[in-house]
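Visitor: This is the structure, below, for whatever I ask next.
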Amino acid sequence: MGVTGKVALITGVTGQDGAYLARFLLDRGYAVHGLRPYAATDDCERLRGGLLDRPGFHLHHGDLADSGNLIRMLQATKPDEIYNLGAQSHVAVSFDVPEQTADVNALGTLRLLEAIRALNMQDKARFYQASSSEMFGNAPAPQDENTPFSPCSPYAAAKLYAYWITRTYRQAYGVFACNGILFNHESPLRGAEFVTRKIARAVARGESLALGNLDACRDWGHARDYVRGMWMMLQQDAPDDFVLATGKNHSVRDFVVAAFAHAGTTVTWSGDGLAEKGICARSGKTLVTVDPRFFRPAELHSLRGNPAKARERLGWVPEHTFETLVAEMVDAEADLMRGGRHDVLAAE
Ligand code: NAP
Ligand code: G4F
């Protein structure tokens, strides 16, 4: 038991947000139990550099596809706060594995909520659901808590089920359950197949990049700010749903330009569509090409959130900007190249 006397359970603790949230809660005196699905290869990279050995941190095998396991984990850990971050979180991959995505992201959430109900824990355990701005689909920006949902990927459809079942258990059974509708948030711990990390890595290594849709716009914030917002939601007097976003968006092309600029390279663009190229202004070398393999069967063109409710009700304000995020990601990749590590315990 930590100094606060509180216990948290995090599904998906080995992911980007899981690592930042575990650190955030441990710093506040929580005992943290993290669930990770079994993996044949090393899945604890993000937890190294201090978290794994930290007193109060406990790692368990746990899977959102296994109801019995979830029930036993709740019984064993008796959490005050449950953060359901576990998911198949890659939108493009969800078109390849839609059934598995639905099983984990949608039914997994139901299984966890049912476990709370079956154990009669609704008066003790508060529940956070990792909902997503993907649920808005191509609804016009800015999107907020009142924007109608219009999912356009198997990932978003599964997350929408999880969003509604979370609200249902709040209304029907009195679970203190909150949806955080989070816009894209990144960090040096972002998975390597997401576009920001892919760009940062190529820039730091001096490699050329093949990308998909350069025009897509996202509201990119920093994961460190967003895990703080998750926690704030569960400290309120009453459960509710909140958008977390920066309120500004940029295109993938903007991210490329900013990342190269941070490394001292100016990119100019030539050509259209599949023939578009990003070129080094100084050397004329091709740095970026467009590869249709990275296009999606359905694309979400522009996300930009309105975080007014979170600002007014939670007092949540992001501390990182687009520019500091890009710089941190490129610098972290450069450190990695020199033999350093992405460290969740790194200075804030
Ligand atoms: P992430 O890095 O992909 O982490 C997801 C975690 O879920 C990983 O630890 C993964 O483990 C785990 N997981 C996968 N299948 C599981 C299963 N069957 N049972 C239990 N855990 C499972 O994602 P993230 O960026 O940290 O995002 C955290 C959550 O927020 C996700 O639910 C995501 O969909 C949601 N979200 C993210 C963003 C964002 O911009 N980052 C925005 C909105 C919502 P393995 O790695 O071992 O598979
Ligand atoms: O980095 P992405 O793969 O993130 P995406 O699809 O926006 O999803 C992330 O944010 C969601 C919140 O809105 C989360 F719910 C979800 O779990 C995940 O964390 O792609 C961002 C944009 C897309 O429009 C994509 O088409 O970048 C475009 N893109 C262009 N080239 C690319 C690439 N995306 C990837 N992954 N790889 C490319 O080469």
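The values are calculated or read from the model by the stated rules, or taken from the named source; none is laboratory data. A quick note: this is a predicted structure, and the numbers were derived from the prediction, not measured. Because the Cβ atoms are built from the backbone with ideal geometry, glycine has one as well, and the counts that use them run over all protein chains shown. Areas reflect the complete protein model, heavy atoms only, side chains present, ligands, DNA and RNA absent. Shrake-Rupley method; radii C 1.70, N 1.55, O 1.52, S 1.80 Å.
Visitor: Name the most mobile residue of 233, 337, 135, meaning the one with the largest mean-square fluctuation, in a Gaussian network model of the chain with Cα contacts below 10 Å.
Guide: Per the Cα network of the chain with a 10 Å cutoff, 337 tops the list.
Visitor: Considering the chain, what Rg and Dmax in Å follow from its alpha-carbon atoms?
Guide: 20.1, 66
Visitor: Per-residue ellipticity at 222 nm for the chain, helices alone: DSSP H runs ≥ 4 residues times -39500 (n - 2.57), over residue total, nearest 500 deg cm²/dmol? The partial results should precede the final answer.
Guide: Values: 10 runs with 114 residues, N = 348.
Theoretical 222 nm ellipticity from helices: -10000 deg cm²/dmol.
Visitor: Keeping all protein chains in position, work out how much accessible area residue 103 exposes to a 1.4 Å probe, and write it in Å² to the nearest 10.
Guide: Accessible area, nearest 10 Å²: 50 Å².
Visitor: Here's another thing I want to ask about it. Would you work out the relative contact order for the chain, in percent, from Cα pairs under 8 angstrom that are 6 or more residues apart?
Guide: On the way: 727 pairs, mean separation 60.3, N = 348.
The value is 17 percent.
Visitor: Quickly rank 116-125, 237-246 as a protection proxy: mean count of other C-beta atoms within 10 Å, highest first.
Guide: On the way: 116-125: 15.7, 237-246: 20.1.
The packing order, highest mean first, is 237-246, 116-125.
Visitor: Suppose all protein chains stay in the model; what accessible area per residue would a 1.4 Å probe give for the chain, in Å²? Present the calculation step by step, with values, prior to reporting the outcome.
Guide: Numbers: 14620 Å² over 348 residues.
Result: 42 Å² per residue.
Visitor: Follow-up. Run the numbers for residue 321 and residue 58: contour at 0.36 nm per residue of separation, minus the present Cα-Cα distance, in nm.
Guide: Details: separation 263, 0.36 × 263 = 94.68 nm, distance 3.26 nm.
Extra length from residue 321 to residue 58 when fully extended: 91.4 nm.
Visitor: Please find the FRET efficiency linking residue 261 to residue 295, where r is the Cβ-Cβ separation and R0 is fixed at 30 Å, and quote it to the nearest 0.05. Each step should come with its number before you reach the end.
Guide: On the way: r = 26 Å, r/R0 = 0.86.
About 0.70, to the nearest 0.05.
Visitor: Now for a different question. Assuming 0.36 nm per residue, please report the length gained on full extension of the stretch residue 269 to residue 286 beyond their Cα-Cα distance.
Guide: On the way: separation 17, 0.36 × 17 = 6.12 nm, distance 0.97 nm.
Extra length available between residue 269 and residue 286 comes to 5.2 nm.
Visitor: For residue 139 and residue 276, FRET efficiency with R0 = 41 Å and r from the beta-carbon atoms, rounded to 0.05? It would help to have the intermediate numbers written out before the result.
Guide: On the way: r = 27 Å, r/R0 = 0.66.
Plugging the Cβ-Cβ distance into 1/(1 + (r/R0)^6) gives 0.90.
Visitor: If you don't mind, another one. Measure nothing fancy, just the Cα-based angle from helix 223-234's long axis to the longest principal axis of the chain, in degrees from 0 to 90, nearest 10.
Guide: So the helix axis and the longest Cα principal axis differ by about 20 degrees.
Visitor: How do the peptides 78-86, 316-324 rank, highest first, by the average count of neighbouring beta carbon atoms within 10 Å per residue? Write out the running numbers ahead of the final one.
Guide: Values: 78-86: 23.3, 316-324: 15.7.
Answer by packing, highest mean first, reads 78-86, 316-324.
Visitor: Moving on. Which FRET efficiency value, to the nearest 0.05, is calculated for residue 254 and residue 337 with the Förster distance at 25 angstrom and r the Cβ-Cβ distance?
Guide: 0.55
Visitor: If each Cα of region 255-316 is one equal point scatterer, what is log10 of I(q)/I(0) from the Debye formula at q = 0.18, 0.26, 0.27 Å⁻¹?
Guide: The Cα Debye sum returns log10 ratios of -0.79, -1.09, -1.12.
Visitor: Please work out how much length the chain gains when fully extended from residue 72 to residue 120, using 0.36 nm per residue of separation minus the C-alpha to C-alpha distance, in nm with one decimal. Could the numbers behind the result be given before it?
Guide: Working: separation 48, 0.36 × 48 = 17.28 nm, distance 1.35 nm.
Computed gain between residue 72 and residue 120 is 15.9 nm.
Visitor: Moving on. Hey, quick one: spin label on residue 146, modelled 7 Å out along Cα-Cβ, who in region 303-341 has an amide N within reach, i.e. under 12 Å?
Guide: Hits in region 303-341 for residue 146 at 12 Å: 309.
Visitor: Okay, moving on. Over all directions, average the projected area of the Cα convex hull of region 1-78 and note it in nm². Write out the running numbers ahead of the final one.
Guide: On the way: hull surface 19.8 nm².
Answer in nm², one decimal: 4.9.
Visitor: Quick one: among 214, 35, 112, which has the greatest mean-square fluctuation in a GNM of the chain with alpha-carbon springs under 10 angstrom?
Guide: Ranking 214, 35, 112 by mean-square fluctuation puts 214 first.
Visitor: Starting with the highest mean, order 140-149, 40-49, 252-261 by the number of other Cβ atoms within 10 Å, averaged over the residues of each peptide.
Guide: Working: 140-149: 16.0, 40-49: 14.2, 252-261: 20.8.
Ranked from most to least packed, the peptides come out as 252-261, 140-149, 40-49.
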